[in-house]
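Taking it in order: structure first as structure tokens, then the write-up.
The values are calculated or read from the model by the stated rules, or taken from the named source; none is laboratory data. As the structure is a computational prediction, the values presented were derived from the model and not from experiment. Here Cβ is always computed from backbone atoms with ideal geometry, including for glycine, and neighbour counts include all displayed protein chains.
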Amino acid sequence: MSDINAPSEFVDAAYHLEDDDMVEFYRKWAADYDHEMLDKLGYTSPASLASILIEQLPDTASTILDLGCGTGLTCRLLAERGYSRLDGVDISTEMLQVARERGIYRHLLTGDLNDPLERESDSYDGVVSSGTFTHGHVGPEPLDEVFRVLKPGGILACTVHVDLWETKGFEAKFTALVNQGIASLISKDEGSYYRDGPIEGWFCVYKKTPG
């Protein structure tokens, strides 16, 4: 039996993925992912995070990288608000195909977030990531690359599962980035990932220190 509090068998399976299983899991579920998460489970995290980023980056001309973009649930909401300079990266080509069909992204890249991002340094006003820093997915290692590709003064808005904040090194990594003068904390608030659900994640906003 799982010792992780997940809202459904589908999410529980995602939380227990091994590296070799992740691509296959999302290949299988890409076509049904939005229905499963939005309609069945009331997944509100992408909308919450999009609202946070809009507050921090109200200029709709801002360049934004969607890290672990999946089917594009977060950026579809940004696009509805007039943002058009949107790029995404995800490990699953099938999830990216669903995102591509939305017609909202400039560029979509297939890539493992543990590898260097194929983006220029200081090239994005914002990076957004919903549901990527969670069980069975990605640890804090990509954060160095995130702050490399952010412009000075750029914003990272992301969720981090509360169970992993300390145990997987997110707290230590963000603290190190702040202490090194690379980033500064704007806000860090607990919230639910699902409608009427329990507190499950930190909604974090960090700014890249201006040069």
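Give the residues of region 104-124 that are closer than 14 Å to Ala183 by Cα and out of contact with any helix residue (DSSP H, G or I) (no Cβ under 8 Å at 6 or more places or on another chain), sorted by residue number. Break it down into steps so the answer makes sense when it comes.
Step one: list which residues in region 104-124 are closer than 14 Å to Ala183 by Cα, which gives 122.
Within region 104-124, no residue meets the criteria.
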Original post:
Between residues in region 101-118 that are polar (S, T, N, Q) and residues that are assigned to a loop (DSSP other than H, G, I, E, B), which pairs lie under 6 Å by C-beta distance while being six or more apart or on different chains?
Top reply: Asn114/Glu141
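Answer with yes or no whether Leu17 is closer than 25 Å to Glu145 by Cβ and either within 15 Å of the chain's Cα centre (by Cα) or at pLDDT 95 or above (or both).
On the way: closer than 25 Å to Glu145 by Cβ: yes; either within 15 Å of the chain's Cα centre (by Cα) or at pLDDT 95 or above (or both): no.
Against the criterion (closer than 25 Å to Glu145 by Cβ and either within 15 Å of the chain's Cα centre (by Cα) or at pLDDT 95 or above (or both)), Leu17 does not qualify.
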Original post:
Among (1) farther than 28 Å from Ser187 by Cβ; (2) surrounded by fewer than 21 Cβ atoms within 10 Å (Cβ to Cβ), which single condition is Glu120 missing?
Top reply: (1)
**OP:** Run down Leu150, Leu185 and say which single residue is surrounded by fewer than 21 Cβ atoms within 10 Å (Cβ to Cβ), closer than 21 Å to Leu65 by Cα and at pLDDT 95 or above.
**Re:** Leu185
Original post:
Taking into account only those residues within region 85-129 that are under 13 Å from the mean Cα position of the chain (by Cα) and of a type outside the set (D, E, K, R), which is nearest to Pro58 (Cα to Cα)?
Top reply: Gly126
Subject >> Residue list for region 156-182, restricted to those being crowded, with 19+ Cβ neighbours inside 10 Å, part of a helix (DSSP H, G or I) and at pLDDT 95 or above >> reply: Phe170, Phe174, Leu177
**OP:** Identify all residues within region 103-162 that are farther than 14 Å from Val89 by Cα, touching a Pro at 6+ places or on another chain (Cβ under 8 Å) and among the acidic types (Asp, Glu); write none if there are none.
**Re:** Asp122
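Could you list, in sequence order, all residues of region 132-152 that are within 18 Å of Leu86 (Cα to Cα) and either assigned to a loop (DSSP other than H, G, I, E, B) or not acidic (Asp, Glu) (or both)? Outline the logic, then answer.
Narrowing region 132-152 to residues within 18 Å of Leu86 (Cα to Cα): 132, 145-151.
Thr132, Val146, Phe147, Arg148, Val149, Leu150, Lys151 - these are the residues of region 132-152 that are within 18 Å of Leu86 (Cα to Cα) and either assigned to a loop (DSSP other than H, G, I, E, B) or not acidic (Asp, Glu) (or both).
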